[in-house]
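Each reported figure results from applying straightforward, stated rules to the coordinates on display, with no laboratory input. Not measured: the values here are computed from a predicted model. A quick note on method: Cβ atoms are made from the backbone with ideal geometry, for glycine too, and the neighbour counts reach across all protein chains shown.
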Amino acid sequence: MHTYTLNTMAEAFACRQLTKGAVHILQSVLTNAELLENIKLILTEATANAVCHAYNDGDLGKVEITMHIHTPEHVELQISDWGKGFAQSPVSPKLSAPEAEDGRGLYIIAKLADTFSVEQHKGKNTLRIQITAKENA
Amino acid sequence: MTQLQFLEQDCTLIAQYVGELTLETAGACKKQLEEEIAKRTFESLILDMEKISFIDSSGIGMLVSLNSRIKGYGKSLFLLSPAEQVKKTLELVQLTEFFHILDEDDDALVLGSK
């Protein structure tokens, strides 16, 4: 198993670069293009969620991605912040109405992930995601 | 650097966006589109999405917002030739029926060219 941890501040540009860095690492390991695309979208949504919701305005905290690469087809992702945490469990997010402008990020993560859980421990909030390549990919 | 370009053809305004449409970029794209929409005369807006390499939920939110605004003006929005990742993400959030999506063949029909 290989483990990588990357972090930056909870700001849109920085987190986009963070995600691109993580995907760049994974590109050298993963063999499945669809899995890589799905992880890219998951990391984008999870870090964007932290940028938008974790911290109060003007209180710029940290966002961290940890990746455990078990095999080329099985990856565990942890996206953490040290902000407010989730007001309620987002583990079964519902799909927003078509006219809604917001609220699709966690739904996308839940749809793409094999498993998806939330942990809050000593001020650290972590989305823990398991994802594997699909058989027919 | 502008990632949006505009072309007017008869009563149709064509906007082409190049790059990623994410939390980082969607706000500026939305602002520029709204400014152009407000000062131009058109019946339909076609957003050429062929060169949008990646979209996230913030980008999708921008499309929903744009659609609402265009409908509010009594006009129509068409999404032209979304790239594969964009199409898959719209499918994931079940919006492929909500939007009017044109593929390349429809493009020829609507624009009367190619």
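On a 0 to 90 degree scale, rounded to 10, what angle separates helix A:33-53 from the longest Cα axis of chain A?
10
Given Cβ point charges of +1 (Lys, Arg) and -1 (Asp, Glu) and nothing else, what value in debye, to the nearest 20, does the dipole of chain B about its Cα centre take?
Working: 11 positive and 19 negative charges, 92 e Å.
With only Lys, Arg, Asp and Glu charged at Cβ, the dipole is about 440 debye.
Note down the nm distance, to one decimal, between modelled labels 7 Å out along Cα→Cβ at A:Ser117 and at B:Val18.
4.7
I need the shape label for the range A:29-137. Rule: rounded when a/c is under 1.5, else prolate if a/b > b/c, else oblate, with a, b, c from the alpha carbon gyration tensor.
Values: a/c = 2.03, a/b = 1.38, b/c = 1.47.
In terms of gyration-tensor shape, oblate.
Once the dipole of the protein assembly as shown is set up with Lys and Arg at +1 and Asp and Glu at -1 on Cβ about the Cα centre, which of B:Phe54, A:Val75, A:Pro98 lies farthest towards its positive end?
With unit charges placed on the Cβ atoms, the residue in question is A:Val75.
Can you compute the helix-only [θ] at 222 nm over chain B? Use -39500 (n - 2.57) per DSSP H run of at least 4 residues, normalise by all residues, nearest 500 deg cm²/dmol.
Theoretical 222 nm ellipticity from helices: -12500 deg cm²/dmol.
For each of A:His53, A:His70, count neighbouring Cβ atoms within 10 Å of the residue's Cβ, then give the residues from fewest to most.
On the way: A:His53 16, A:His70 12.
Going from least to most buried by this count: A:His70, A:His53.
From the square roots a ≥ b ≥ c of the eigenvalues of the alpha-carbon gyration tensor of the range A:91-137, which class results: rounded (a/c under 1.5), prolate (a/b over b/c), or oblate?
Oblate, because a/c is 1.5 or more while a/b does not exceed b/c.
Is the protein assembly as shown rounded, prolate or oblate when judged by the Cα gyration tensor, a ≥ b ≥ c being the square roots of its eigenvalues, rounded requiring a/c under 1.5 and prolate requiring a/b larger than b/c?
Values: a/c = 2.17, a/b = 1.70, b/c = 1.28.
Cα axes put the protein assembly as shown in the prolate bin.
Based solely on its DSSP helices, what 222 nm [θ] is calculated for chain A when runs of n ≥ 4 H residues each add -39,500 (n - 2.57) and the sum is averaged over all residues, nearest 500 deg cm²/dmol? List each step's numbers first, then the result.
On the way: 3 runs with 45 residues, N = 137.
Here the helix-only value at 222 nm equals -11000 deg cm²/dmol.
Roughly how many debye, to the nearest 20, is the charge dipole of the protein assembly as shown about its Cα centre, given +1 on each Lys and Arg Cβ, -1 on each Asp and Glu Cβ, and no other charges?
Working: 23 positive and 35 negative charges, 148 e Å.
About 720 debye.
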